[in-house]
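Below is one structure, written out as structure tokens; the observations come after it.
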Amino acid sequence: MLYITGTAIGIEYFMNLYKIPHHENAPSIINGVIEISKGDSAKYEYDSEMDLFRLDRCLSSAMVYPVNYGFIPMTKAADGDPLDIMIYNNIPIDRGTLVQCYVVGVLEMTDGGDNDYKILTVPCTHIRRIKRISDVDPMFLNITKNFFKHYKDLEGKKVTVGDWLGREKALDIIREDMLYDTPTLPVPRQYE
């Protein structure tokens, strides 16, 4: 765990990335944490008890993640984990990076019988003003849908991929899965 000690007031705590507060304009703008960089074939997951990213597995296919992938803090999806986020960007973003994102749409998916929605976003700092799913390159949408449809084939696991849905459906899913508890751990501020 990352421990931070406040020398002036004697507070000791660790940072849990799952408890990063919602963006003030959530769910329209959300915070996303990168677990897997675009172009990677290793699947990493955040371990909140150890406050680190651990290797979950390497993809057994020749595929790589076509998009930066991670989670939305302070949410809880049907599978018990935070909501999955895809951050559409032309370059890989490093693991552990917090990105403020504009919600664009969602890919319908079920994994192990549970809904496993993939929320599609763009960084708020993205050079192109992408506001809706129709603004996204159709080839990217096809590649990403194909990736999620087949990335577990050689593992013998069954996933079902549905359609790309628009921004309003994505916002509804986020609202439904947002946790409204105040984070129990303080978030350190740089250079206070």
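Each reported figure results from applying straightforward, stated rules to the coordinates on display, with no laboratory input. Remember, it's a predicted structure, so these values are computed and weren't measured experimentally. When we count neighbours, we look across all protein chains shown, and the Cβ atoms used for this are built from the backbone with ideal geometry, even at glycine.
Here are a few things to note about the model shown:
- Computed about the Cα centre, the dipole magnitude for region 55-192 is approximately 460 debye when only Lys and Arg (+1) and Asp and Glu (-1) carry charge, each at its Cβ.
- Longest exposed-site-free window of the chain, the sites being chymotrypsin sites (Phe, Trp or Tyr not before Pro) in a DSSP loop that have at most 15 other C-beta atoms within 10 Å: 1-179
- Gyration tensor verdict on region 17-177 (Cα atoms; rounded if a/c is under 1.5, prolate if a/b is larger than b/c, oblate otherwise): rounded
- Sequence-distant lysines (8 or more away, or on other chains) whose Cα lies within less than 27 Å of Lys152: Lys38, Lys43, Lys76, Lys118, Lys169
- Average Cα contact separation per residue, the chain, under 8 Å, 6 or more apart, as relative contact order %: 23
- For region 34-79: rounded, prolate or oblate by the Cα gyration tensor [a/c cutoff 1.5]: prolate
- Karplus-derived 3J(HN,Hα), 6.51/-1.76/1.60, for each residue of region 46-59, Hz, glycine and proline x: 6, 10, 6, 6, 9, 6, 8, 9, 10, 6, 7, 5, 9, 4
- Local electrostatic count, Gly166, Cβ distance below 13 Å [Lys/Arg +1, Asp/Glu -1]: -1
- Dipole magnitude of region 19-115, debye to nearest 20 (Cβ charges: Lys/Arg +1, Asp/Glu -1, about Cα centre): 260
- Based on DSSP H segments of at least four residues, each scored -39500 (n - 2.57), the chain has a per-residue ellipticity at 222 nm of -4000 deg cm²/dmol.
- When the chain is described by a simple charge dipole with +1 on each Lys and Arg Cβ and -1 on each Asp and Glu Cβ, the residue from Met139, Ile36, Gly162 located farthest towards its positive end is Met139.
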